[in-house]
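Asks: There's a structure below that I have some questions on.
The values are calculated or read from the model by the stated rules, or taken from the named source; none is laboratory data. Remember, it's a predicted structure, so these values are computed and weren't measured experimentally. In this analysis, Cβ positions are derived from the backbone assuming ideal geometry, glycine residues included, and neighbour counts consider all displayed protein chains. Keep in mind that these areas ignore ligands, DNA and RNA; they rest on the heavy atoms of the full protein, side chains included. Shrake-Rupley method; radii C 1.70, N 1.55, O 1.52, S 1.80 Å.
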Amino acid sequence: MTESIETDVVVVGGGPCGSTVATLVAQQGHRVVQLEKERFPRYQIGESLLPSTVQGICRLLGVSDELDAAGFPLKRGGTFRWGANPEPWTFAFGISPKFAGSASTAYQVERMKFDQILLENARKHGVDVREEHSVTDVIEEDGRVCGVRCTDDAGVRREFRARYVVDASGNKSRIHARVGGKRQYSEFFRNIALFGYFTGGKRMPAPTEGNILAVAFNSGWFWYIPLSDELTSVGVVLHPDALKRIEGDRASALLELIAECPLIADYLSDAERVTSGPYGEVRVRKDYSYIQEKFWRPGLVLAGDAACFIDPVFSSGVHLATYSGLLAARSINTALGGTGAPEETTLFEEFEVRYRQEYARFHDFLVAFYDKHSDEESYFWKAKRVTGSAASSMQSFVDLVGGGSSDERALVDAGSYLDRRDGDIDDMIWAVAEAGANIQVQAATGGTADEQYPLRPGGLVPSADGLHWALPAQPAA
């Protein structure tokens, strides 16, 4: 007999996206079950984070202290040997006012440790986390998804019935197709990644020693990510015409490609590849640039890599995943909030419109960035054009690659939401915000005024606590 369990929300996947949406929904008192097919800690790629994730989403989740204590390398920006300039060039997040002061850094993380912190945090917030539970299908009634079927490591079958199911189970999701529509693979980013881990690699001089290093060469480009004083993640992204290079022994192919890239070869001249443990395998990732035709249907929401992924060059994966988790949580929290909420279609269209817009910013810029005959000034200008920013081209570039070009307060000024929840900001200030006097609010809180205006006619705006959607304030007559 199959056990049946009732809850409000089921989140499939224990990664950063799943833990984000599960925690932010549970914070509102809703019952949340989170199902993860593996036992944590487990290996995962995607080690380089953006300030929007570290200083934004992670603050909302309440894990800042745990991240500080973990000792992850500080990432102050990025260094590139890319384009027409033969010398490496560096940018710093702190150039942008959006990432000024303490918000000017991110982390390079071992995902096994980072994901564990977020999953345990979900538990602390009351999420019923169940590891080694593999979801096999969704439950559908009258055209609506109303739960999932799963099997645990002992072979016990269970049904979890819920108002909403969030598929945050990544690019290998088993249920993403149940939303309807197809997964559309990019015709432009038809690349493949080959990657492994090394000990003893060199570091750039301070203060850039924690930066990601990206180096273009004839067959593609390398990433070089310092995960600790000793451990380095090294991967090569190959153009389609070079894919035959990895048909044989992967480890040998990686070493041969490193030898063809002088800068990376120099940084690894005294290093050794890790050959045992979770970092001992040379792995391949292919077909990773895609987007679903649909992100939701009644009862089912796709978030994170289950919905879309672009390209690893600017480390946007965890940013898109956690941001989509926030957007999904807002829609679910509002839908579960009772009477007076906007219609479900309006709520989840807001989720999808904003998620697609963020995806499009990175996608369109990366298409331009892969023109390796330009120089950095041209790339900065292209970022300004893609984002439509009024800031300088350099700041527009940093805002984009730091995850802050959307002007979403949760990503660049999470503290103002936390202050509101804690009651530390005078209610009068927020009353002014809700009345639409945006300039006064921005001066008082440092918040982003633009998000008081919807992205589209009939659209919604974030609520004062950042965890719901609200109708935009009507301008004074």
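Asks: When you scan region 21-54, how many residues do you find that are among the β-branched types (Val, Ile, Thr) and either open to solvent by 40 Å² or more (accessible area, probe 1.4 Å) or within 14 Å of the chain's Cα centre (by Cα) (or both)?
Replies: Residues flagged as among the β-branched types (Val, Ile, Thr) and either open to solvent by 40 Å² or more (accessible area, probe 1.4 Å) or within 14 Å of the chain's Cα centre (by Cα) (or both) within region 21-54 amount to 4.
Asks: For region 1-16: of the residues being touching an Asp or Glu at 6+ places or on another chain (Cβ under 9 Å) and in a loop (DSSP other than H, G, I, E, B), which is farthest from residue 168 (Cα to Cα)?
Replies: That would be 2.
Asks: Restricting the first residue to region 239-254 and requiring it to be on the phi < 0 side of the Ramachandran plot and open to solvent by less than 60 Å² (accessible area, probe 1.4 Å), which pairs with a second residue that is in a helix (DSSP H, G or I) and of a type in the set (Lys, Arg) meet a Cβ separation below 7 Å and a spacing of at least six or different chains?
Replies: 253/245
Asks: On to the next question. For region 315-334, how many residues are in contact (Cβ under 8 Å) with a residue 60 or more places away in the chain, in contact with a Phe, Trp or Tyr (Cβ under 7 Å, 6 or more places away or on another chain) and in a helix (DSSP H, G or I)?
Replies: 7
Asks: State the number of residues belonging to region 342-389 that are touching a Lys or Arg at 6+ places or on another chain (Cβ under 9 Å), small (Gly, Ala, Ser) and assigned to a loop (DSSP other than H, G, I, E, B).
Replies: The total comes to 1.
Asks: For residue 331, state whether it is in contact with a strand residue (DSSP E or B) (Cβ under 7 Å, 6 or more places away or on another chain), under 28 Å from residue 75 (Cβ atoms) and either among the small types (Gly, Ala, Ser) or at pLDDT 95 or above (or both).
Replies: Here the answer is no, as residue 331 does not meet what is asked.
Asks: While we're looking at this one, here's another question. Would you be able to say whether some residue in region 438-451 is of a type outside the set (Gly, Ala, Ser), open to solvent by 30 Å² or more (accessible area, probe 1.4 Å), modelled with pLDDT under 85 and in contact with a helix residue (DSSP H, G or I) (Cβ under 6 Å, 6 or more places away or on another chain)?
Replies: Yes: one or more hits.
Asks: If a residue must be over 28 Å from residue 62 (Cβ atoms), of a type in the set (Lys, Arg) and in a strand (DSSP E or B), how many such residues does region 116-172 contain?
Replies: The qualifying residues number 5.
Asks: Residues in region 390-405 that are in a helix (DSSP H, G or I), within 27 Å of residue 190 (Cβ to Cβ) and small (Gly, Ala, Ser): how many?
Replies: The qualifying residues number 0.
Asks: Ok, one more. Do we find a residue being closer than 23 Å to residue 313 by Cα, touching a residue at least 12 places away in the same chain (Cβ under 8 Å) and open to solvent by 40 Å² or more (accessible area, probe 1.4 Å) anywhere in region 3-20?
Replies: Scanning region 3-20, I find no residue that is closer than 23 Å to residue 313 by Cα, touching a residue at least 12 places away in the same chain (Cβ under 8 Å) and open to solvent by 40 Å² or more (accessible area, probe 1.4 Å), so the answer is no.
Asks: Looking at region 347-376, I want the residues that are of a type in the set (Lys, Arg) and have a partner that is crowded, with 20+ Cβ neighbours inside 10 Å and outside any helix (DSSP H, G or I) with Cβ atoms under 7 Å, at least 6 apart or on another chain. Which pairs are those?
Replies: 361/405; 372/82
Asks: Residues that are under 22 Å from residue 247 (Cβ atoms) and in contact (Cβ under 8 Å) with a residue 24 or more places away in the chain: does region 201-211 have at least one?
Replies: No; the residues of region 201-211 include none that is under 22 Å from residue 247 (Cβ atoms) and in contact (Cβ under 8 Å) with a residue 24 or more places away in the chain.
Asks: Just need a number here: residues in region 255-280 that are touching a residue at least 40 places away in the same chain (Cβ under 8 Å) and hydrophobic (A, V, I, L, M, F, W, C).
Replies: 7
Asks: Any residue in region 207-227 that is open to solvent by 20 Å² or more (accessible area, probe 1.4 Å), within 18 Å of residue 273 (Cα to Cα) and in contact with a strand residue (DSSP E or B) (Cβ under 6 Å, 6 or more places away or on another chain)?
Replies: No, because not a single residue in region 207-227 is open to solvent by 20 Å² or more (accessible area, probe 1.4 Å), within 18 Å of residue 273 (Cα to Cα) and in contact with a strand residue (DSSP E or B) (Cβ under 6 Å, 6 or more places away or on another chain).
Asks: Okay, moving on. Could you run through region 406-437 and say how many residues are open to solvent by 40 Å² or more (accessible area, probe 1.4 Å), farther than 24 Å from residue 322 by Cα and either at pLDDT 50 or above or in a helix (DSSP H, G or I) (or both)?
Replies: Number of matching residues: 7.
Asks: Going by the conditions given, is residue 138 in contact (Cβ under 8 Å) with a residue 60 or more places away in the chain, touching a Leu at 6+ places or on another chain (Cβ under 7 Å) and either open to solvent by 10 Å² or more (accessible area, probe 1.4 Å) or under 19 Å from residue 322 (Cα atoms) (or both)?
Replies: No: the conditions fail for residue 138.
Residue-by-condition table, conditions (1) assigned to a loop (DSSP other than H, G, I, E, B); (2) under 21 Å from residue 333 (Cα atoms); (3) in contact with a Lys or Arg (Cβ under 7 Å, 6 or more places away or on another chain):
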residue	(1), (2), (3)
29	yes, yes, no
40	yes, no, no
43	yes, no, no
46	yes, no, yes
55	no, no, no
59	no, yes, no
67	no, no, no
72	yes, no, no
79	no, no, no
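Asks: Are any residues in region 164-174 crowded, with 19+ Cβ neighbours inside 10 Å and more than 30 Å from residue 239 (Cβ to Cβ), and if so, which ones?
Replies: 164, 165, 166, 167, 168
Asks: With respect to residue 71, is the statement that it is crowded, with 18+ Cβ neighbours inside 10 Å and either more than 24 Å from residue 230 (Cα to Cα) or touching a Ser or Thr at 6+ places or on another chain (Cβ under 9 Å) (or both) true?
Replies: Spelling it out, it is not the case that residue 71 is crowded, with 18+ Cβ neighbours inside 10 Å and either more than 24 Å from residue 230 (Cα to Cα) or touching a Ser or Thr at 6+ places or on another chain (Cβ under 9 Å) (or both).
Asks: While we're here: Quick test of your reading of the structure: residue 219 fulfils all but one of (1) free of Cβ contacts under 8 Å to residues at least 60 places away in the same chain; (2) touching a Lys or Arg at 6+ places or on another chain (Cβ under 6 Å); (3) hydroxyl-bearing (Ser, Thr, Tyr). Name the failing condition by number.
Replies: (2)
Asks: So, in region 175-201, of the ones that are in a loop (DSSP other than H, G, I, E, B) and surrounded by 17 or more Cβ atoms within 10 Å (Cβ to Cβ), which residue ends up farthest from the chain's Cα centre (by Cα)?
Replies: For region 175-201, the residue satisfying everything is 201.
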